[in-house]
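The block underneath contains the structure these notes are about, expressed in structure tokens.
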Amino acid sequence: MQYLEKALLVAHTLRHLRPIQVWGQLRNRFPRKKPAQSGDAQVSVPVGEWCDGIVKHHAYLGDWTFRFLNEESKVSPEVSWWSQSRGNLWNYNLSYFEWLNQEGTRVSPDEAKLILNQWIEMNPAGSTRAWDPYPVSLRIINWIRFFIENEAVESVHDSLAYHARWLSGRIETHLLGNHYLVNGVALLFAGLYFEGKEAERWLRLGWSIVREELPTEVLDDGGHFERSPMYHSLILEDVLNLLNLAKTYTRRSPQGLESLCSEVAVSMLTWLRQMTYCDGTFPLFNDAANGIAASLADLDAYALRLSLDAQSDEIGKGVRLLKQSGFGRIEAGKAVVFTEVGGPDPSYQPGHAHAGTLGFELMVAGEKVLVDTGTNTYEVSAERARQRSTHSHNTLIVNGKNSSETWSSFRVGRRAVGKCLSYEQDVDAYEQTMVAEHDGYERTGCGGLHRRVWKLSDEVLQVSDSINEMKEGASVEIRFHFSPNTRLRQDEGSWVGSCGALSIRVSQHDDFSYSLESYDYCPEFGRSLNAQCLVARISATSVNVTHTLQWSLN
């Protein structure tokens, strides 16, 4: 039975793949020929002026010491920089070379020359996973940006051109999604930074990917189709970088690149503005963490430097539905609720999706009260499985099952289809309401549709859940993950506590049993904080219940 279940899980995963992904997976099973060491690429002369990009997080501490993902480590420059003693994601971050363009103590051209030449000598092509297409793409982008903003390290140009040759034969069609798009961005960078016949080939290939992929990946509401605020911000920075590049190399820039990037950037900035808290952070839906992507403020400032008019009025009170990307924003008084009403997407690449449909976050007066538990690892592990599970989101669970079948590190079998059924847009209304449902438990045979109603007023949030068609004795959990600075205790039929300057009270119901459980809140990669989760449990064939959370300022 176990083997049959695994086979079905794989089948439910594979059936969503596109033919180009299947072919890419097969092709990756065979060795690739290494490209020629030399070609005709020569450095191109820009016509326009590049404006400074977004300053990256301070990661290079000097003396070959780096800090990524809240972990500090010293690199031995005389050996391969890819160390098995560190996690893959840490090694990848080192290999991206974003730290060349870091804040604080900047890397000087002389130091960059030493570091880059040492890396090239000790990390020959294909020797480690630093030569996977994604880190190669980011390395191309970050090296070129450093050369444009500072001065070129001419001894690195041959390696940079080799990177572009290597990448052009290893486009990530087996994955698609953000990796595929970044492959195209990198080839556009290389194709414009260099000139010659092979540079023209990189330029054509990069433009063909970006021209097709950007309108596909950026939805009509402006959200990135992988449904992660973090990846949305990363892709938005790529779009702004391309706009910068098009303005710098105007003579050779593909026709339509500048207008496409301008239009997409405005749309993505508008989306991000609606999905950002007053403190500048975003809800941690799906694979998302703080400290990785640029903030809205930095992206807005970059757009302004590029003469892009992307400012807008205040979001204001009421309800907003970002229909295509599957998120909602409900605001009343000093409270804002972000809801996840869509399911895992896109269907052929839901690798960064969690089983968190109908989950939500709540902030009141600048204090995060209810949170998504976040992401702090991509390694295949029990912790990775936990973070992607329905168990780790503020929603309802039937029989301990996930609403979408997340597995391995980036796989999803059967998926919940979520949708918003109705919402109020009257900003003057006493209550702001959103209604949504998903069919995840119906698809996996655990029960019927899960419907949830959020009603938000100045000092009250009501969360109503209903589900039926469950087998007799089915177990149901409704989980509320409170931020680490919130502490609750039971008090006369309810749960009370404080969160910063807020006093909080949560209702409970006689038919349910309640408990406070400890959980790990993961706001950043490599970081976990202890926090409390209030869990309501019941065994029933149907559930129809409303939980009320009230607050007041002390």
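See the values below:
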| quantity | calculated |
| --- | --- |
| Members of region 415-436 that are surrounded by fewer than 22 Cβ atoms within 10 Å (Cβ to Cβ) and charged (D, E, K, R) | Lys419, Glu424, Asp426, Asp428, Glu431 |
| Considering residues of region 409-435 that are touching a Leu at 6+ places or on another chain (Cβ under 6 Å) and touching a residue at least 60 places away in the same chain (Cβ under 8 Å) only, the residue nearest to Ala355 (Cα to Cα) | Gly413 |
| Arg537 vs. criteria charged (D, E, K, R) and within 27 Å of Glu383 (Cβ to Cβ) | yes |
| Residue list for region 298-314, filter: assigned to a loop (DSSP other than H, G, I, E, B), without any contact (Cβ under 8 Å) to a residue 60 or more places away in the chain and crowded, with 16+ Cβ neighbours inside 10 Å | Ala310 |
| Ser347 vs. criteria surrounded by fewer than 19 Cβ atoms within 10 Å (Cβ to Cβ) and within 15 Å of the chain's Cα centre (by Cα) | no |
| Residue among Ser259, Ser253, Ser295 that is modelled with pLDDT of 95 or more and crowded, with 20+ Cβ neighbours inside 10 Å | Ser253 |
| Residues located in region 441-467, provided they are farther than 15 Å from Leu362 by Cα and among the acidic types (Asp, Glu) | Glu442, Asp465 |
| Within region 315-327, considering residues that are touching a Gly at 6+ places or on another chain (Cβ under 7 Å) and part of a loop (DSSP other than H, G, I, E, B), the one farthest from Ser409 (Cα to Cα) | Gln324 |
| Pairs with Cβ under 9 Å, 6+ apart, first in region 499-512 and over 19 Å from Ser483 (Cα atoms), second polar (S, T, N, Q) | Gln508/Gln490; Gln508/Ser494; His509/Thr546 |
| Residue count, region 390-426 (criterion: within 18 Å of the chain's Cα centre (by Cα) and among the charged types (D, E, K, R)) | 1 |
| Strands (runs of 3 or more DSSP E) contained in region 328-435 and holding at least 3 residues over 20 Å from Phe282 (Cβ atoms) | 396-398, 418-423 |
| Qualifying residue in region 329-342 (condition: out of contact with any strand residue (DSSP E or B) (no Cβ under 8 Å at 6 or more places or on another chain) and within 23 Å of Arg211 (Cα to Cα)) | no |
| Flag if Tyr162 is in contact with a His (Cβ under 8 Å, 6 or more places away or on another chain), surrounded by fewer than 23 Cβ atoms within 10 Å (Cβ to Cβ) and in a helix (DSSP H, G or I) | no |
| Count - residues of region 378-414 that are farther than 26 Å from Ser475 by Cβ, surrounded by 16 or more Cβ atoms within 10 Å (Cβ to Cβ) and of a type outside the set (Ser, Thr, Tyr) | 1 |
| Test: Phe525 is at pLDDT 95 or above, in the same structural domain as Arg386 (by TED's automatic domain parsing), closer than 30 Å to Asn91 by Cα and under 33 Å from the mean Cα position of the chain (by Cα) | yes |
| Subset of region 354-386 (residues that are over 21 Å from His450 (Cβ atoms) and polar (S, T, N, Q)) | Thr375, Asn376, Thr377, Ser381 |
| Lone unmet requirement of (1) within 24 Å of Arg139 (Cα to Cα); (2) in contact with a Leu (Cβ under 8 Å, 6 or more places away or on another chain) for Ser228 | (2) |
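The values are calculated or read from the model by the stated rules, or taken from the named source; none is laboratory data. Note that the coordinates shown come from a computational prediction; the quantities given were computed from them, not determined experimentally. Don't worry about glycine lacking a Cβ; one is built from the backbone with ideal geometry, like all the others, and counts go over all protein chains shown.
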